[in-house]
Amino acid sequence: MSIHAISPLSTPVKSPRNSIGYTIPLSIILKLNGLLKKSVLSRKFYQEINDKILAKSSTVDANLYFICYFTLLISAVLNNQYKIKHFLLVQRYNLVSIIKRVFNFNLVGQEENKLNKLNKFLNISKPIYNEKEATKPSHLAIHLKAISSYLSDIRIFNRLTESIKYMPWIIDEFTAMTDPSASTPKSYRIINFLQSINCLVLELLENAGWITDHNWIGTSDNDWWSFETYIWCSRVWGLYLVIEIIELIRRSPLKEWNTTSWKIALFKQVIQVPLVLHWSLREGCLTPFWVGVCGSGASWWGFRDLWTSLELN
């Protein structure tokens, strides 16, 4: 008997089968094993999360920022899944109606073998809206919305001390503004100082809104004070955003306008404008779906950059 006949290397390696009998390729198993060793089974994975995400309040907030709005977005989609499906079916019906009118399709008497698929696509009835199905609540959506609301509460609580962190920035900007020997244009220095003051004011208003909302202090009407301070906080935030957008355009050379980083920076500011407008109005102007879209769009890049910065090798 030859050595090769009894060598384990000559024995075919069989990939394990799952419960439904499907053979999982060995290459996928090896890749999955390598991925697990670099992530959930690796000490470095957790240390990287601790050092780059959990160590600072700013990175924790950037992480919660996206999760908060994305869960709200998914909740809104689940709550409106019937309306979304109905809307798409109506648009399909309208498109088919236009096709029929434009091309004047007459399917009667045509060769059935060639037009079976076309018949099936064109002969569709107008979708009927079912109010009962549309108003049926999604239990998962309820839980996701509760998570989003709670995360929003946590984010504001974590920012209760942000006004202290702004003070060094404000002092530095004031010093730069009053420095006669500074090379930066005077207008730039004044705007930088005003923006730092803006951040301090909006944080103090947000803190006041949260404190009265949770009855940490007593006023003649905590609900009114909480509502008013949150609205004015949003308006100050709106002023900050408008100035940021104008300055981003004004201070950036034209050659930077085509760079990806500049476009992302502008997008992150612009997409927050509808949010600011929504919370600045007493009745609001956005549905939870659009709040989730704008919030997720504004926070995605920071969330992505945080997690892609983890070194797993």
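For region 117-262, the Kirkwood estimate of the hydrodynamic radius, built from every pair of different alpha carbons, is 20.1 Å. The label point for Asn130 and the one for Leu248, both projected 7 Å from the Cα toward the Cβ, are 4.4 nm apart.
The C-alpha atoms of the chain define a longest principal axis, and helix 57-79 lies at about 50 degrees to it. Translational diffusion coefficient of region 19-87 (Stokes-Einstein, Kirkwood radius from Cα pairs, 37 °C, 0.692 mPa s): 205 µm²/s. Probing with 1.4 Å while keeping every protein chain in the model, the per residue accessible area of region 158-266 equals 60 Å². Here the Karplus curve 6.51 cos²θ - 1.76 cosθ + 1.60, taken at θ = phi - 60°, turns the phi angles of region 164-180 into couplings of 5, 5, 6, 4, x, 4, 4, 5, 5, 5, 5, 4, 5, 5, 8, 7, x Hz, with x standing for Gly and Pro. Evaluating kT/(6 pi eta Rh) at 20 °C and 1.002 mPa s, with the Kirkwood radius of region 180-313 over Cα pairs in the Stokes-Einstein relation, gives 124 µm² s⁻¹. Here is the size of the chain from its Cα atoms: Rg then Dmax, 28.7, 97 Å. Principal-axis analysis of the Cα atoms of the chain puts helix 186-213 at an angle of about 80° to the longest axis.
Through the Karplus equation 6.51 cos²θ - 1.76 cosθ + 1.60, θ set to phi - 60°, convert the phi angles of region 235-247 into ³J(HN,Hα) values in whole Hz; use x for Gly and Pro. Once rounded to whole Hz, the list reads 5, 5, 4, x, 4, 4, 5, 4, 5, 4, 5, 4, 5. For region 143-200, the fraction of C-alpha pairs farther apart than 13 angstrom is 66 percent. Packing, taken as the mean count of other beta carbons within 10 Å per residue, orders the peptides 26-38, 140-152, 277-289, 72-84 from highest to lowest as 72-84, 140-152, 277-289, 26-38.
First compute the accessible area of the chain with a 1.4 Å probe, then give the percent of it belonging to carbon and sulfur atoms. So the carbon and sulfur contribution to the accessible surface is 65 percent.
Between helix 288-308 and the chain there is an angle of about 90 degrees, using the helix long axis and the longest principal axis of the Cα atoms. Within region 262-313, all pairs of alpha-carbon atoms sorted by distance into 10 Å bins from zero give the percentages 23, 42, 23, 9, 2, 0.
The values are calculated or read from the model by the stated rules, or taken from the named source; none is laboratory data. The structure presented is a predicted model; accordingly, all values stated were derived computationally and were not measured. Cβ sites come from the backbone with ideal geometry, for glycine too, and all protein chains shown count toward neighbours. We work out accessible area using only protein heavy atoms, side chains counted, and drop any ligands, DNA or RNA first. Shrake-Rupley method; radii C 1.70, N 1.55, O 1.52, S 1.80 Å.
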